[in-house]
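First up is the structure itself, then whatever we jot down about it.
The values are calculated or read from the model by the stated rules, or taken from the named source; none is laboratory data. This structure is a prediction, so every number in the text was calculated from the model and none was measured. Here the Cβ is made from the backbone with ideal geometry for all residues, glycine too, and neighbour counts use every protein chain on show. Accessible surface is based on the protein model in full, side chains and every heavy atom, while ligands, DNA and RNA are left aside. Shrake-Rupley method; radii C 1.70, N 1.55, O 1.52, S 1.80 Å.
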Amino acid sequence: MKQWLETREVLDRLALLARAGGRAALATVVRVRGSAYRHEGAKLLVAEDGSTTGNVSGGCLEQDVREVALQVIRAGRSELRSYCSSADEVAAWDLGVGCEGEVLVFVEPVTEPRPRERELLDERRPFVVCTVIDGKRERGHGKRLIVSPDGPEGSLGSAELDAAAGARARALLGTEQSGLHEIGGRTVFFDVFCPPPQLVLCGAGEDARPLARFAADVGFRVVVVDRRPGYLTVERFPTAARLVATKRTSGRCWTRPRPTSAC
């Protein structure tokens, strides 16, 4: 569920870079074998100045992925990079890889914002983004297909590929099972998004602040409700998705009625 909130931050940063005319590359974990800190769908956005948003590991891969992303920005071509802690012990030690698994990362240049995905995130609706990642220069490479309950949008380059990928994406809606699939002779990554559960905190006191922060860190969509507007501030709850001020009550207090006396 962390993927949902992280992708929102990545897309917001991408939109800012696009408005400023900046270039960037997006790294996405597309396959994990064995153990790893992050799973399929984890993202790291790298701007041409080297600044980053998101992450694809527990910190061990970020530096190398950042360098790959900067190369992708300069070359304008996507790259698929594999990291395996057991294949090369020296390289794994240099990277600081702390897990016994293989992580496949797809790094692509991005210059345009992705408003439709951002809209679906705001609407809290499930959807799947299909991307061809096999690196072939033929029709379809670099294109994307978005599948939501409303239907498909975009194209992977051919009607046959769109139909096959769309059918697979519809089967994956709501499953949280992002991954690679062979579709029509092409390798397609299905990035599956499911709305995270919502945690409503009734009361914005001091005890609610760390709870809101911890809940947001693990992926909950946090809503804080209180009748005291002064407590509902972004400074107090920077990770909350919504701050809701309720109306004051009349002040009437309801208690259990006392038993009547027998005399």
* **Residue among LEU80, HIS39, LEU11 farthest towards the positive dipole end of the stretch 2-92, charges placed on Cβ** => LEU11
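What order do TYR83, TYR231, TYR37 take when sorted by accessible area (1.4 Å probe), most exposed first?
Result, largest first: TYR37, TYR231, TYR83.
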* Please state, rounded to one decimal and in Å, the Kirkwood hydrodynamic radius that the stretch 152-253 gives when every pair of distinct Cα atoms enters the mean of 1/r. => 17.0
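Calculate the tail of P(r) for the stretch 159-203: the fraction of all Cα-Cα distances greater than 17 Å, expressed in %.
Of all Cα-Cα distances in the stretch 159-203, 42 percent exceed 17 Å.
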* Going by the alpha-carbon gyration tensor, a ≥ b ≥ c the square roots of its eigenvalues, is the stretch 1-62 rounded (a/c under 1.5) or, if a/c is not under 1.5, prolate (a/b greater than b/c) versus oblate? -> prolate
* At a 1.4 Å probe radius, carbon and sulfur cover how many percent of the accessible area of the stretch 1-88? -> 43
